[in-house]
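Read-outs: derived from the displayed coordinates by stated rules, not from any lab. The structure presented is a predicted model; accordingly, all values stated were derived computationally and were not measured. Quick reminder, even Gly has a Cβ in these numbers, built from the backbone with ideal geometry, and neighbours come from all protein chains shown.
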Amino acid sequence: MEKKIEKRGIWSGAALLAFSTVIVKFTGLLYKIPLTHILTDEGMGYFNAAYTVYSLLYLLGTAGVPKAITVLISGCISNEEENKNRIFKVACRFFLLIGFLLFMLLFLLSKPIAFWIGSPNAYPTVLLISPCLLFVSLAGVYRGYLTSEGAFSTIAIASLVEACTKLLVGLAFVWLGSSLDFSLPWICAVSVLGIGVGSLLSTIYLKKHIKIRKCREKVKQYTFEDKTIVKKILHIAIPITLGSAVTGLSSLIDLSMIMKRLEAAGFTVVQATAAYGNYTTLVVPMLQLASALLAPITVVLLPRLANAWAQGTRSEYEATMQMAENVCAFFSVPLAFIFCFFSKELLSLIFPAQSAANAAPLLRLLSLGVIFLSSLLVLNTALEAVGGARLQMLSMLIGVVIKIPLSYSLLGRADFGIVGAPIGTVGSYAISFVFSYFCLEKITGVRTPILSSHLLPTINALFATLAGMLSMRFLHFSFSSRLEGLISLCVFGMVYLFFSYITGVLRLEKITNIAKRTKSSA
């Protein structure tokens, strides 16, 4: 039976999800600014302590769920609608139970956890944030199903609904708590109610759209056993979740040792604290933003790769990988050049001039990591699509094994200092990239076109960099430094797009062909 499915190509789907990601990040910033003023540093300490615990459980309950559902459903051929529906139904029941167990764990242990993390006054916040875990796993199932169907607009809107609700409801409860003279710990606690309401509304929105789709499908007799489906889901989801946990643990370990190693290198406590704050506030978020903007490419890539691999269509698999690398290179290469050659100008747009000047060399070192990271995201997604989720996890683990001693050694040397942190991060991504590349080639027999995909974007970015630098020299002393930086970045962007069009990287007919080739249909 034919279905009406939302049709999105890799370009349009990735652009839509990237746009929603930017809006969500901006909404999060709008949420944190007034929250910091109202709660003060003490209150934000309670908030962040509780949110850290919540984030860990959230990660365990959601990291691998959408991808596992996407791989399994996309792996079903077009005449297996009953199997798709059965997978979806079993996954909903199982992960609703997982969400309930996570909620009960955090709810019942909220007080001991608050004492264990060294912030007893964070107990009310931990208690009230626990219900947010009820629906996160179920929402992950919905997102995985909709991703396999190509319904990227629905996923993007759900994220926006969640973010806006978190902002409006959260601040409303903070205002209400302040008006009723709640104690600071309880004002912090009611602030997280916006997260719970946002999660609930987002889940309801996703469910509504899935219900509309499912009611049009005739479900035949099911052929999969429930236990088998659960095992298949967990076989894919657990390695992906552990891989994400390894990455989070790596960041935690990395940031926790910076202060100690800098002091061991001869820096005073004040100097070490300043370097730590500068790196974690200015540099790390830039890499996280780059990752968030590139991640949507892998979201739209996964179902197509899984489907092509399941049906044994090697040509379609190779074409999808080529398109994914082309799109990834188109975005990651200019980001890397901006981080490298316009780091100070970029950071000065947001942060104080002196802080930006201190962080610029660190961001410059981290620029190469953007290239490795973007290709690594594609390679690891491809590994997940062909059943190599465990190799993806091993890839990230190997990167961490390299990163920790490298950063530890360099941070403890006076001639390197804080510079050791970005070097360790780039080294980690490089090693993981090499490992994932050869693993994917071994499994599929397909050589991923890394160099050819990055050649033209690199040439275009070089011309754009030259134009941006010339514009800065021409505008020197004419405007404020921030305005000069903004203009030079705009010149860079326009020249990059112009040469991308001239060299054929960005052509309307090419985008149209890609969109047609990557449409999802029943």
Within a 10 angstrom radius of the beta carbon, how do Glu316, Glu325, Glu441 rank from fewest other beta carbons to most? Glu441, Glu316, Glu325
Between Ile204 and Ala357, the two model label points (7 Å from Cα along the beta-carbon direction) sit apart by a distance in nm of 5.3
What list of ³J(HN,Hα) values in whole Hz, one per residue of segment 451-462 in order, does the Karplus curve 6.51 cos²θ - 1.76 cosθ + 1.60 (θ = phi - 60°) give from phi, with Gly and Pro shown as x? 5, 5, 6, 9, 5, 5, x, 5, 4, 4, 5, 5
Chain lengthening between Ser55 and Ser481 when straightened (0.36 nm per residue, less Cα-Cα): 149.5 nm
Surrounding charge for Leu201, neighbours by C-beta under 15 angstrom, Lys/Arg +1, Asp/Glu -1, total +3
Between Glu441 and Gln288, what is the spin-label point distance in nm, taking each point 7 Å from the Cα along the Cα→C-beta axis? 3.5
With the Cα gyration tensor of segment 421-487 in hand, convert its eigenvalues to equivalent ellipsoid semi-axes via √(5λ) and list them largest first in whole Å. 39, 17, 7
Taking the Cα-to-Cβ direction at Ile23 and at Thr503 and moving 7 Å from each Cα, how far apart do the two end points lie in nm? 3.2
Estimated FRET transfer efficiency (Ser179, His37; beta-carbon r; R0 22 Å; 0.05): 0.90
Taking r as the C-beta separation of Leu105 and Ala319 and R0 as 35 Å, the FRET efficiency to the nearest 0.05 is 0.20
How big is the Kirkwood radius of segment 392-462, worked out from every pair of different alpha carbons and given in Å to one decimal? 13.9
